[in-house]
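See below for the structure under consideration.
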Amino acid sequence: MATLQEALLIAFDLQREGRFAEADSVYGQILDAVPGHPPALHLRGLLLAQCGRLEEGCALVEQAIAAVDGQADGQPDLHANHANLLEALGRFGAAAEALARAAALDAERVALLNNFALRRLAAGDPASAEQALRAAVARRPGLADPRINHAEALDALGRPGEALAQRRIAALLAPDDAALLGALALRPDAAEADLRRALRLDPERAVLWNRLGAWRKDHGALPDARHAYERGLALDPADAALWNNRANVQKGQGDADGARDALRRALALQPESAAIRNNLADAHALCGDPAAALAEAEAALARDPALADARLARASALLALGRFAEGWDAWEDRWTAEPWCRTAGRFPQPPWDGRPLGGGRLLVWGEQGVGDELMFATLLPLLTQSSTDKTQSSTAASAGCLLECDARLAPLFARALPGVEVVPRGPRPDPRLAAPDIAAQIPSGSLPRLLLRGAEDFRRLRPLPGADQARAPALRRTGRRPLVGVAWHTTNPKWGRLRNVPLADLARRLDAAGADMVVLQYGDWTAEVAALAADGVPIALPPGLDRKDDLDGLAAQIAATDLVVTIDNATAHLAGALGHPVWVLLSHAPDWRWLVGRDDSPWYPSARLFRQTRAGDWRAPLDAVADRLRALFP
């Protein structure tokens, strides 16, 4: 008669040979003779599962586990097989627990937890995967793979901080794992050191060079960013993102033509990309081609009508081309873009649509920089003066206007706009801006949409009354030479590189043309002025005049000059709004408000425009200024 062990072997051999009915009969005889025998329960449970009777088989394996529970040596195979059956039944959390018990009895079974987790991740079940991998990491904390997979599961569960911690520990455990370091480097919060470490192991991966370029660009290292993008393009010249990103760096370096060429390459690779078309529209604008910018912005909007930057690019191009009615309508889309979206909806009153207000007052509020506020303030008299003009008479029906403005402009506007109550903008809203008789509000940049629909409407603009006569200017003309006020610099981060003129170049031209000069430029230029004076080019730098914050004092100094020569900055707008002679030096791609191909300004009749004929080359406009100055003051 066979022993119990021999009977188990016979049944197991029958099971392996696929003779399931015979094997089941032998297991049944064993269990009849020894009820609750763990090996027989275990093997018969597996047999039933093979025959498709999963629930019955799982129940038998659970009986076997209960029978051996607490034994010193344990049975890791029992728990591992139990996990297989639970997974087949779709009970994934219980399967993870069973695998954790198997790993607790035999640390090598951590591999089963890891493999189970990979299957669950592939099936879109990160919760079960995370449960299994948490147990795997706890059992074998020195293994990198479970931590890497644990990080993936945590990311999928929306726990990026925990995922990052797991990847960082894994990187310490596997410092030569290029894939792991690459995954760390491609995280949004990766530092340059992470990227460089990944690139040392995997220098042929273009996406890492792209990310390194983005990091360097965000930190202002434009030459290094461009080098990184070009390394990436050498590896993958068909990567549209690399061409696009390199173009953005080239814009920042003042290479608009190079940026436009790069964006054309990017667009050839991804012709349906609205973002690339929008960037190309911006490059066309920077190259001084608003017609091409308009076409590209409209192509971008055809693909993504909600793209705020493309809406703004379209509006700017229309205005630069003098298509005012369309342009001002499109300009209202600025509220969806930076920085305007931050101030949208500042006031609770209804927006004004140009209709009479029935005796209520209108709140006009400045929304942009000092130059913009000055330019749009020239429209305020059209709202308050009486006129037979249809538009003016309808707007004049309001009982009055309030103007909220930059505090530095308040004294000038209060004197120049007698029909307007001027409220300086402060850190907190002034209570006057919530007065109950305010019937409507409008940002000053929206006034042209109602008042300047065509080129002929600009003829109604008049200069604001002049500077405060009680303010003595810091310097007056003292001899036969004309006194020219000069400004040459803007701190605008996007446009400064294009607009700024070297002081030495400007001063030498004006001095040679027979002008005395006085500084109107804000900032500390003492050293530069002293260096020019030592070289025989004197420029007066009036003491005690705060050219940045005391704009009323600056206006008094402007009024004491014969002429202002300036770049496109607040000084140009202050002189132009006052009706003072001002010559504006414009880059090859000026702002939309200066229009295209003309030497006058519809905003400021006293202004004359001197444009670059080639990008970055100030010689032609400076020569033209000098020649005109000699002609006026022989």
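The values are calculated or read from the model by the stated rules, or taken from the named source; none is laboratory data. Bear in mind that the values here come from a model prediction, so they are computed numbers and not experimental data. All Cβ positions, even for glycine, are placed from backbone atoms using ideal geometry, and neighbour counts span all protein chains on display. Quick note on the areas: whole protein, heavy atoms, side chains included, nothing else; ligands and nucleic acids left out. Shrake-Rupley method; radii C 1.70, N 1.55, O 1.52, S 1.80 Å.
Accessible area per residue for segment 1-114 in Å², computed with a 1.4 Å probe and the full protein assembly in place, what is it? Could you put the intermediate results ahead of the total?
On the way: 5770 Å² over 114 residues.
Heavy-atom accessible area per residue stands at 51 Å².
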Worksheet item: Of the heavy-atom accessible surface of segment 82-239 (probe 1.4 angstrom), what whole percent is carbon and sulfur?
Response: 52
Worksheet, complete the sentence: Per the charge dipole of the chain (beta-carbon charges, Lys/Arg positive, Asp/Glu negative, Cα centre), the residue among ALA533, ASN114, ALA262 reaching farthest to the positive end is ALA533
Discussion item. I'd like to know which of ALA439, GLY514, VAL486 lies farthest towards the positive end of the charge dipole of segment 422-563, counting +1 on Cβ of Lys and Arg and -1 on Cβ of Asp and Glu.
Written reply: ALA439
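When only the heavy atoms of the protein chains count and the probe is 1.4 Å, how do ILE442, ILE10 rank by accessible area, highest first? Mind showing how you got there, number by number?
On the way: ILE442 5, ILE10 90 Å².
Largest to smallest exposure gives the sequence ILE10, ILE442.
With an 8 Å Cα cut-off and a minimum separation of 6 or more residues, compute the relative contact order for the chain in percent.
Numbers: 1045 pairs, mean separation 44.6, N = 634.
After rounding, I find 7 percent.
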Worksheet item: In deg cm²/dmol, rounded to 500, what helix-only [θ] at 222 nm does the chain give when every DSSP H run of at least 4 residues adds -39500 (n - 2.57) and the total is split over its residues?
Response: -16500 deg cm²/dmol
Fill in: Virtual paramagnetic centre 7 Å along Cα→Cβ of ASP304, amide N under 17 Å, in segment 251-266
263-264, 266
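How long is the gain from GLU162 to LYS548 if the chain were fully straight, where each residue apart is worth 0.36 nm and the alpha carbon distance is subtracted? Let's see the in-between values first.
Values: separation 386, 0.36 × 386 = 138.96 nm, distance 4.90 nm.
Length gained between GLU162 and LYS548: 134.1 nm.
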Item to complete: Rounded to the nearest 10 degrees, what's the angle between the helix 206-218 long axis and the longest principal axis of the chain, both from Cα atoms, 0 to 90?
Response: 40
Worksheet entry | Among CYS401, LEU321, ILE558 - extreme Cα towards positive end, dipole of the chain, charges at beta-carbon | ILE558
Practice prompt. Please report, in Å, the Rg and the Dmax of segment 227-304, where both are computed over Cα atoms only.
Written response: 11.8, 35
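Would you please classify the overall shape of the chain from the alpha carbon gyration tensor, given that a ≥ b ≥ c denote the square roots of the eigenvalues, rounded means a/c under 1.5, and beyond that prolate means a/b larger than b/c while oblate covers the rest? Could you put the intermediate results ahead of the total?
Details: a/c = 3.60, a/b = 2.64, b/c = 1.36.
The shape class here is prolate.
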Worksheet, complete the sentence: Length gained if ALA268 through ALA21 is fully extended, taking 0.36 nm per residue and subtracting the Cα-Cα distance, is 82.1 nm
Worksheet item: Taking all protein chains as present, what is the carbon and sulfur share of the accessible area of segment 546-630, in % to the nearest whole number, probe 1.4 Å?
Response: 46
Worksheet entry | Residue-by-residue Karplus 3J(HN,Hα) for segment 316-322, coefficients 6.51, -1.76, 1.60, Hz, glycine and proline x | 4, 5, 4, 5, 4, 7, x
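Just to be sure I understand: of the beta bridges DSSP finds with both ends in the chain, what percent are antiparallel, rounded to 5?
Numbers: 1 of 36 bridges.
Here the antiparallel bridges make up roughly 5 percent for the chain.
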Item to complete: Mind putting a number on the dipole of the chain about its Cα centre? Charges go on the C-beta only, +1 for Lys and Arg and -1 for Asp and Glu, and I need it in Debye to the nearest 20.
Response: 2740
Item to complete: Express the accessible area of segment 541-634 per residue in Å², computed with a 1.4 Å probe while the remaining protein chains stay in the model.
Response: 37
Practice prompt. Mind listing the long-range amide H neighbours of TRP365? Cut-off is under 5 Å, sequence gap 5 or more, other chains count too, H placed in the peptide plane at 1.01 Å from N.
Written response: GLU404, ILE442, SER444
Worksheet item: Between segment 541-577 and segment 448-515, what's the alpha-carbon centroid distance in Å?
Response: 7
Worksheet item: Quick one: putting +1 on the C-beta of Lys and Arg, -1 on the C-beta of Asp and Glu, what dipole do you get for segment 78-167 around its Cα centre, in Debye to the nearest 20?
Response: 120
